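Chemist: Next up is a structure, given as C-alpha cells.
The values are calculated or read from the model by the stated rules, or taken from the named source; none is laboratory data. Just so it is clear, the structure is predicted and the values come from calculations on it, not from any experiment. Ideal geometry is used to build each Cβ from the backbone, glycine not excepted, and the neighbour counts take in all protein chains shown.
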Amino acid sequence: MSGPPGTGMPSAQSRMEMAKDVKDEDKLYKFEGVTYSAIMSPAENLVAAKTMEARADDVMLVAYPKCGFNWMVAVLRKIMAAASGKKETPDMPPLIEFFSPDTQKLIAQRPSPRFLGTHLHPDNIPVSFKEKKTKMLVVWRNPKDTLVSFYHFMNKNPVLPNVEWDQFFSDFMSGEVGWGSYFDHALAWDKLMDDPNMKIITYEDLKQDLSEGIRQISQFFGFPLTEEQVQTIYSETTFSAMKEGSSHGKMGSVFFRKGEVGDWKNHLSEAQSQQMDEEFNKRLAGTKLGALLKYDTYCK
Ligand code: A3P
C-alpha cells in the first residue's frame, strides 16, 4: 500500500498495519538523545533529513507535537492553492522526519514553492533552512492542553505505545516524550522570536480569531488573498468543518479530538497543575514566548 501518488511513502493505513507487529516497548527509540517514533522516523530518515537542501521559497511549518500542526497544514495548503489559482491536491504529511531517504530524493525534484513541515527542535532542523533564510511559521500552544492532547494521541495512535495518565504526565515533564521536551523546544524558539524569517503564532490566538490568523499567515509568506478567499478558508478550517470533512479515514478521530482551549481542567490533578505552574515559572516566565502563551489566562 502506498501513500499519495508519486511520493513513494507508505500510507497511514500501511503504517498502522506495520504497527500491529511492533511491541509497545519497541515503538519509541532514541536518536542522538531524543525520543522518536520507530515506525514514522527511523534513524535513516533522520540521517537523510540532516543534509536536506532547503530553498529560500520553501514554505516551512514548525510545531511541537499537538500544538495544532495539522490544522495549519490545512490552512497553508488552502492559502497556497488560493494564491496560485491551482486546485488543492491530496499530498503527504509534510513532516521531513517522516520522509524516507527515497522520498527525500523525490522532494528534491519537486517544483517551488514546496510545502514542508517538522516537529524537530530548532537545533535539529536541517542547517540548510537557516542558510537559505527559509520562512518558517511556528505554532505554539499552552503546555497543559498540549500535554492532554499528546496523552490522548499516544493512546489512540497505533504507531505509538499506550500510556497511563500519571506516567505520561511525568514523562512529559521530564521531556521523555516524542521529539523531546516541550520546555527545551520553547526556550530555543524564544531565542529566535526576533528573526524576521520566523513567525510565531499560538493555538489560542488562532482559536480566538482564525480569520486574522489566515490573513497574517498569507501576508508573512507573501501569498496575497482577497477577503473573500480568507473567509472561504476560514469556513473550511474551523474545527467542525475539518472534523466533518476529514480525509484521514480512521485516523480522523485521532487528529481531530476536541479542538478546545482548557480541556486540561478535565485531566490534571491539583498537584499536577501546580507542578506545571512551577515548571513554567522556572523556565518560561519572563520570556517573550512565555508572554505570547498568555499562561495566566489559559492555564490558571
Ligand atoms: P485536542 O487533542 O486538544 O483536541 P496536531 O495537529 O499538532 O497534532 O494538534 C492536534 C490538536 O489540534 C488536537 O487538539 C486537535 O483536535 C486540534 N485541532 C485539529 N484541527 C483543528 C481545528 N481546525 N481547529 C482547532 N483545533 C484543531
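Chemist: Among the residues of the stretch 141-198, write down those that are assigned to a loop (DSSP other than H, G, I, E, B) and either aromatic (F, W, Y) or under 17 Å from the mean Cα position of the chain (by Cα) (or both).
Modeler: The initial filter retains those residues of the stretch 141-198 that are assigned to a loop (DSSP other than H, G, I, E, B), namely 141-142, 157-164, 175-181, 191-197.
Hits for the stretch 141-198 are R141, N142, N157, V159, L160, G175, V177, G178, W179, G180, S181.
Chemist: Filter the stretch 216-233 down to the residues that are more than 15 Å from the ligand (Cβ to nearest atom) and of a type in the set (A, V, I, L, M, F, W, C), then identify the one that is surrounded by the most Cβ atoms within 10 Å (Cβ to Cβ).
Modeler: Only one residue fits best here, namely F221.
Chemist: How do the helices (runs of 4 or more DSSP H) wholly within the stretch 1-88 filter down when requiring 1 or more residues that are away from the ligand (no atom under 16 Å from the Cβ), modelled with pLDDT under 95 and closer than 25 Å to L137 by Cα: which remain? Can you show your working first?
Modeler: Working: elements: 12-20, 43-50, 69-84.
Those helices (runs of 4 or more DSSP H) span 69-84.
Chemist: Going by the structure shown, is E236 closer than 26 Å to P113 by Cβ and away from the ligand (no atom under 11 Å from the Cβ)? Break it down into steps so the answer makes sense when it comes.
Modeler: Working: closer than 26 Å to P113 by Cβ: yes; away from the ligand (no atom under 11 Å from the Cβ): no.
No.
Chemist: Give, as residue ranges, the helices (runs of 4 or more DSSP H) completely inside the stretch 218-271 that count at least 3 residues that are under 30 Å from P196 (Cβ atoms). So that I can check it myself, show each step before the final result.
Modeler: On the way: elements: 227-237, 239-244, 252-255.
Helices (runs of 4 or more DSSP H) meeting the threshold: 227-237.
Chemist: Separate question: Within the stretch 239-253, take every residue that is near the ligand (Cβ under 9 Å from one of its atoms) and of a type in the set (A, V, I, L, M, F, W, C) and give me the one that is surrounded by the fewest Cβ atoms within 10 Å (Cβ to Cβ).
Modeler: The extreme case among them is A241.
Chemist: Within the stretch 123-154, count every residue that is near the ligand (Cβ under 10 Å from one of its atoms) and of a type in the set (D, E, K, R).
Modeler: 2
Chemist: Next question. Looking only at the stretch 119-131, decide whether some residue is more than 13 Å from the chain's Cα centre (by Cα), crowded, with 19+ Cβ neighbours inside 10 Å and not in a helix (DSSP H, G or I).
Modeler: Yes: one or more hits.
Chemist: Mind listing whichever residues of the stretch 195-215 are among the small types (G, A, S) and more than 11 Å from the ligand (Cβ to nearest atom)?
Modeler: As a first pass, look at the stretch 195-215 and keep what is among the small types (G, A, S): 211, 213.
Passing the criteria: only S211.
Chemist: Search the stretch 89-99 for residues being assigned to a loop (DSSP other than H, G, I, E, B) and closer than 30 Å to L147 by Cβ, and hand back the single one that is nearest to the ligand (Cβ to nearest atom). Break it down stepwise before answering.
Modeler: Taking the stretch 89-99 first, the residues assigned to a loop (DSSP other than H, G, I, E, B) are 89-94, 99.
Within this subset, residues satisfying the condition of being closer than 30 Å to L147 by Cβ are 91-94, 99.
Values: D91: 16, M92: 15, P93: 10, P94: 12, F99: 18 Å.
Residue satisfying both the conditions and the ranking: P93.
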